[in-house]
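Comments concern the structure below.
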Amino acid sequence: MVNSSIYPVKAEVKSLNFYYGQVHALKNINLQIPEKKVVALIGPSGCGKTTLLRCFNRMHDLYPGHTYSGEIVLHPDEVNVLSKDVDPIEVRMRISMVFQKPNPFPKSIYENVAYGLRVRGIRRRSILDEHVERALRSAALWDEVKDRLHSMAFNLSGGQQQRLCIARALAIDPELILFDEPTSALDPIATAKIEELTNELKKEVSIIIVTHNMQQAARISDYTAFMYMGELIEYDETGKIFTKPSKKLTEEYITGHFG
Amino acid sequence: MMAEESRKSRPRFKKRSLLYSDSRFGRFRRWREKLIELLLFLSAFASVAITFMIGFILIVESIEFFKVVSIWEFLTDTEWTPLFAEPRYGILVLLSGTVVTSFVALAVAIPIGSIVAIYLSEYASSRVREAVKPVLELLSAVPTVVYGYFALLFITPLLQRLNDEIPGFNMLSAGLAMGIMIIPYVSSLSEDAMRAVPMYLREGSYAMGATRLQTALKVVFPAAFSGITAAYILAISRAVGETMIVAIAAGLQPNLTFNPLDSASTITSYIVQVTLGDLPHGSIGYQTIFAAGLTLMCVTLFFNVLGHYLRRRFREIY
């Protein structure tokens, strides 16, 4: 395991266990997320990678019967985001998320990006304008939409909608962004754009990405975690995982023997 | 029998052509399909035809009425006394009663219904929802005549305790009772529309750090707007067309007023009042029913078209 060499650390998962009702979906996960790097979570369907991702911003709190124990400590202030004393809304103000399917709100492009700021009570037009423009630029969408900021977000193409969702996630200056298979609903060109984008974004923010696509993980991530049946099998630098994995199971998965 | 046997002996891919082409069985099948299609068409056609027939009769009888009374007089006169020695035919008088009672009802039903819908769809646990929804829907199952007397014998005295100048028959209490009756129409349909909003849209909002209320008001409600509009339009049509409650509790004096504390007659309560009497068939007094009915139909048609337009304009794309 590579844990000792990861520095600086942005977040630390400590003995995380997760249950969907009676089903034990995550088994004693320990993982360190480096700062300003891309971490890919890979593994076959149902291995728990999305479940793990959604622990970071407490999405599971929305559903009764989803229970968990353990810690996810966010650095530098060492707050345990899973603690009952921590308001999930506080957590989500620091950690934003991009979903599998583009899910823009039924609002204008501008209001979609400004949503996170408005939710925080920011009303000053100048601040909103500035953040919206910066977020759209970072998401490489500004040039395409700058003349129609007030038209409905649904009029954008699928790839543009997903970049809009990325802009929305960026507008709140998050410390960590969670990507849940962000390109699985997109065509290859839109996918390439988003992969390029993650490369730019990691200069500013730490990224965790769940992906089904192993080539994608190899292309864009610095570290890769391989999960299988709710367990973290191996976690290492991406190059190492894909060239000389230390576990037999990892090797079988990346060479396509199962999954 | 022959067809049955040859069907079995042939290879599988032949089955289809056999069924639909020359065998007796195939012909029966096709004939039966045609028959079913015809029956389905007729039942769809019947409802459309009946609507048109009602419209036709209303128009034909109204034409007779408008031969005597000009449309201008009908729309601008400020008195409605068709049965007096010197009859006056100002529909505005009845329309004002309809507008005021409907407005009071909607002022009750739309806010409360929407709040209930937001609570049931975004806050209540499924256990609570399953329990509350049927009970709430019972409100609209109560016969309207019961609501009428509820307004007259319960709400009106209550209002009179607040202000003893309120007359025994008034539009406010009728409108309030009507509003209570309409709440489930608004809440039930709005809740269905809001629950149809996909979970990933809500998750998107929560993931941005929004609270439940922010998610409900800023994302779910706008996303469900077209369905909610449909609920509101249905509520309006229901209020405009409601008869029994206003006939019992609002008084039957044609009265051009926009003060809900007055008593007044609405279009519907006028119709019910006149039909209860013994007007000679074909008289001008009799034909006022149809002119009033036509007006009512125009009003509800207007709202239905408006609802249709709004639904298309704000159609959600998930």
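I need a count of the residues in the stretch A:124-158 that are free of Cβ contacts under 8 Å to residues at least 40 places away in the same chain, open to solvent by less than 10 Å² (accessible area, probe 1.4 Å) and under 22 Å from the mean Cα position of the chain (by Cα).
Counting residues in the stretch A:124-158 that are free of Cβ contacts under 8 Å to residues at least 40 places away in the same chain, open to solvent by less than 10 Å² (accessible area, probe 1.4 Å) and under 22 Å from the mean Cα position of the chain (by Cα) gives 4.
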Does the stretch B:45-65 contain any residue that is open to solvent by less than 70 Å² (accessible area, probe 1.4 Å), over 26 Å from the mean Cα position of the chain (by Cα) and at pLDDT 90 or above? yes
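Restricted to the stretch A:66-94, and to residues that are among the hydrophobic types (A, V, I, L, M, F, W, C) and either free of Cβ contacts under 8 Å to residues at least 24 places away in the same chain or part of a strand (DSSP E or B) (or both), which residue is surrounded by the most Cβ atoms within 10 Å (Cβ to Cβ)?
Only one residue fits best here, namely A:Ile72.
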Being in a helix (DSSP H, G or I), free of Cβ contacts under 8 Å to residues at least 60 places away in the same chain and of a type in the set (Val, Ile, Thr), is that true of even one residue in the stretch B:136-157? yes
Which one of these is closer than 30 Å to A:Asp180 by Cα, within 14 Å of chain A (Cβ to nearest Cβ) and not aliphatic (A, V, I, L, M): B:Thr211, B:Thr229? B:Thr211
Filter result for A:Pro106 (open to solvent by 20 Å² or more (accessible area, probe 1.4 Å), within 14 Å of another protein chain (Cβ to nearest Cβ), farther than 23 Å from A:Ala185 by Cα and outside any helix (DSSP H, G or I)): no
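Quick check on my filter: what residues within the stretch A:75-95 are within 14 Å of chain B (Cβ to nearest Cβ), of a type in the set (D, E, K, R) and out of contact with any Leu (no Cβ under 8 Å at 6 or more places or on another chain)?
The answer is A:Asp87, A:Glu90, A:Arg92.
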Within the stretch A:170-201, which residues are in contact with a helix residue (DSSP H, G or I) (Cβ under 8 Å, 6 or more places away or on another chain), more than 15 Å from A:Ser221 (Cβ to Cβ) and part of a helix (DSSP H, G or I)? A:Leu170, A:Ile189, A:Ala190, A:Lys193
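Listed here are the residues, each with its yes/no results for (1) open to solvent by 40 Å² or more (accessible area, probe 1.4 Å); (2) within 30 Å of B:Ile155 (Cα to Cα); (3) modelled with pLDDT of 90 or more.
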{"residue": "B:Val246", "(1), (2), (3)": "no, yes, yes"}
{"residue": "B:Gly251", "(1), (2), (3)": "no, yes, no"}
{"residue": "B:Ser263", "(1), (2), (3)": "no, yes, yes"}
{"residue": "B:Leu296", "(1), (2), (3)": "no, yes, yes"}
{"residue": "B:Arg312", "(1), (2), (3)": "yes, no, no"}
Identify all residues within the stretch A:4-57 that are touching a Lys or Arg at 6+ places or on another chain (Cβ under 7 Å), in a loop (DSSP other than H, G, I, E, B) and open to solvent by 10 Å² or more (accessible area, probe 1.4 Å); write none if there are none. A:Glu35, A:Lys36, A:Lys37
Would you be able to say whether some residue in the stretch A:134-142 is among the small types (Gly, Ala, Ser), within 14 Å of chain B (Cβ to nearest Cβ) and under 19 Å from B:Leu201 (Cβ atoms)? no
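The values are calculated or read from the model by the stated rules, or taken from the named source; none is laboratory data. Values in this document were obtained by computation on a predicted structure and should not be read as measured data. Here Cβ is always computed from backbone atoms with ideal geometry, including for glycine, and neighbour counts include all displayed protein chains. To get the accessible areas, we keep the full protein, side chains included, count just its heavy atoms, and leave off ligands, DNA and RNA. Shrake-Rupley method; radii C 1.70, N 1.55, O 1.52, S 1.80 Å.
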